[in-house]
Amino acid sequence: MIIATDLQFETLKTVNAACRLANRPLYGASTHGVYGFIFADLIDHEYVIEREKPNIPTQIKVESATRSIIAINTKKENGKQIEIVTKRELYSPIILANTSPLPSEYLTSRRRKLQVPPLLTCLRALWEFQSLTSQLLPSTSHADLQLFTTLATEKHKELQLPAETLRSDFLRSFLQNLGSEIAPVTAFLGGQVAQDAINVLGQREQPIQNFLLFDGEESKGPVYALHPIFPPIDTSLS
Amino acid sequence: MKHLCRNSHRWLKPSVLVWSTTRRPQECFADKEPDEIALYDRQIRLWGVKAQERQVAAPDRSSSIHLADSPQRLRTASVLVITMRALANEVVKNLVLAGIGSVTILDDHLVTEDDLGSQFLISDQHIGTNVRKLLTVAPKPISLNLMIARLGDLTTGQGFKPRNFPSS
């Protein structure tokens with residue numbers, strides 16, 4: 001397993017490609033002051049969860065675009081029926097995840113769209129900025145700030161998020177936080193990455209699918225599954 | 001190793017340092033005082049160091065993933081951590097505390113004073129040295145997990161026998 005921290009986007013893309021070639025899971029994470037993210041690319045991951053047997057019997061089926069249930073077993077423990085469900089999650093590399101839209105359940109609900117932190121937009125804008133100007137971070141020059149703001153607005157529209165969530169004070173805060181490290185944030189994210197890594201290695205519990213955004217100001221850490229939309233395979237044609 | 005301490009140009013060759021669980025649990029806890037053992041109590045329970053093994057329930061072979069194997073899988077796993085900064089310090093700390101098989105650290109940067117404020121695995125005597133060199137001497141990871149020892153430096157091949165490298 002590879003855990004790549006604080007890498008530039010271009011480097012992360014290359015590392016991701018190398019990991020896929022070697023068929024190794026990858027976690028990419030970074031902190032910028034009070035903000036941070038964790039990206040997971042576990043390629044094709046099977047894991048097991050243990051839970052009490054629910055009233056509605058669990059079936060072997062495809063749960064979402066990425067997750068499917070493969071096997072179900074039951075055992076009796078302490079007089080309760082525990083079921084052991086084996087699930088499978090499919091992942092996308094970061095080069096695809098970066099241009100992917102939000103999952104459909106977010107796009108159809110305006111309330112959910114309002115809750116998506118602008119951090120996602122800012123991160124994408126930052127990566128675009130790095131590849132355009134080959135500078136590590138935007139400097140305080142007017143031109144840089146203007147470029148960054150334009151990129152951010154563009155990415156925000158691309159994600160189909162309402163314009164009012166991309167506030168100028170957030171942009172300012174994000175830019176001010178770039179390049180710095182704050183202990184509680186790194187502690188939290190470091191713990192999350194390690195926890196997920198340990199779970200993945202032990203093949204237990206649901207791993208992060210696939211992008212965790214951490215906003216230290218709001219103390220929120222939502223997870224979004226950013227995957228490209230593939231047209232459904234038409235099996236009737238042969 | 002003197003050339004590694006130059007600050008004037010970045011030493012571009014990546015430094016790869018490997019920390020691995022090499023010591024067997026019995027030998028590192030055998031000579032410890034009772035209060036030291038109490039300090040590592042949680043780890044001992046986690047890794048099943050005690051002489052009498054827990055009664056492991058018959059594994060459920062109908063599923064292809066066996067739940068009982070999880071700690072064993074962790075002990076044989078190897079993780080590569082790229083770029084050693086505050087976040088990586090935390091990640092390495094947590095992995096080492098959980099009893100991971102081996103951690104390989106890849107970072108070619110020289111330690112600066114700023115790093116002292118964010119990384120706890122280094123101290124001020126290490127300013128100006130290559131990250132890998134200081135981790136060579138740092139006792140910190142060992143204090144977290146008695147079973148690990150520094151295997152060596154992959155770049156120079158110092159103290160490192162390639163055949164030991166886990167293939168997982």
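The values are calculated or read from the model by the stated rules, or taken from the named source; none is laboratory data. In this text, all values refer to a predicted model and were calculated from it rather than measured experimentally. As a convention, Cβ positions derive from the backbone with ideal geometry for all residues, glycine included, and neighbour counts pool all protein chains shown. For the accessible areas, the whole protein counts, side chains as well, though only heavy atoms, and no ligand, DNA or RNA atoms are used. Shrake-Rupley method; radii C 1.70, N 1.55, O 1.52, S 1.80 Å.
Summary of values
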item: Selection from the stretch A:158-169 of residues that are under 19 Å from the mean Cα position of the chain (by Cα) and closer than 15 Å to residue A:123 by Cα; result: A:158, A:159, A:161
item: Yes/no for residue A:187 being assigned to a helix (DSSP H, G or I), open to solvent by less than 30 Å² (accessible area, probe 1.4 Å) and within 14 Å of chain B (Cβ to nearest Cβ); result: no
item: Failed criterion for residue A:209 (all others in (1) touching a Gly at 6+ places or on another chain (Cβ under 9 Å); (2) more than 10 Å from every other protein chain (Cβ to nearest Cβ) hold); result: (1)
item: Per-region count, the stretch A:18-44, residues within 26 Å of residue B:73 (Cβ to Cβ) and surrounded by fewer than 19 Cβ atoms within 10 Å (Cβ to Cβ); result: 8
item: Qualifying residue in the stretch A:119-128 (condition: buried (at least 16 other Cβ atoms within 10 Å of the Cβ), within 14 Å of another protein chain (Cβ to nearest Cβ) and not hydroxyl-bearing (Ser, Thr, Tyr)); result: no
item: So residue A:164, is it of a type outside the set (Gly, Ala, Ser), within 25 Å of residue B:85 (Cβ to Cβ) and either touching a strand residue (DSSP E or B) at 6+ places or on another chain (Cβ under 8 Å) or open to solvent by 40 Å² or more (accessible area, probe 1.4 Å) (or both); result: no
item: Positions within the stretch A:169-184 being surrounded by fewer than 19 Cβ atoms within 10 Å (Cβ to Cβ) and touching a Ser or Thr at 6+ places or on another chain (Cβ under 8 Å), in sequence order; result: A:182, A:183
item: Residues of the stretch A:75-105 satisfying the condition of being closer than 26 Å to residue A:198 by Cβ, in a strand (DSSP E or B) and within 14 Å of chain B (Cβ to nearest Cβ); result: A:75, A:77, A:82, A:83, A:84, A:85, A:86, A:87, A:88, A:89
item: Matching residues, the stretch A:143-157, being open to solvent by 60 Å² or more (accessible area, probe 1.4 Å) and in contact with a Pro (Cβ under 8 Å, 6 or more places away or on another chain); result: A:145
item: Hits in the stretch A:197-229 - residues which are of a type in the set (A, V, I, L, M, F, W, C) and either open to solvent by less than 50 Å² (accessible area, probe 1.4 Å) or under 16 Å from residue A:112 (Cβ atoms) (or both); result: A:197, A:198, A:200, A:201, A:208, A:211, A:212, A:213, A:214, A:223, A:225, A:226
item: Filtered residues of the stretch A:3-17 (kept if at the interface with another protein chain (Cβ under 8 Å from one of its Cβ atoms) and open to solvent by less than 10 Å² (accessible area, probe 1.4 Å)); result: A:3, A:4, A:5
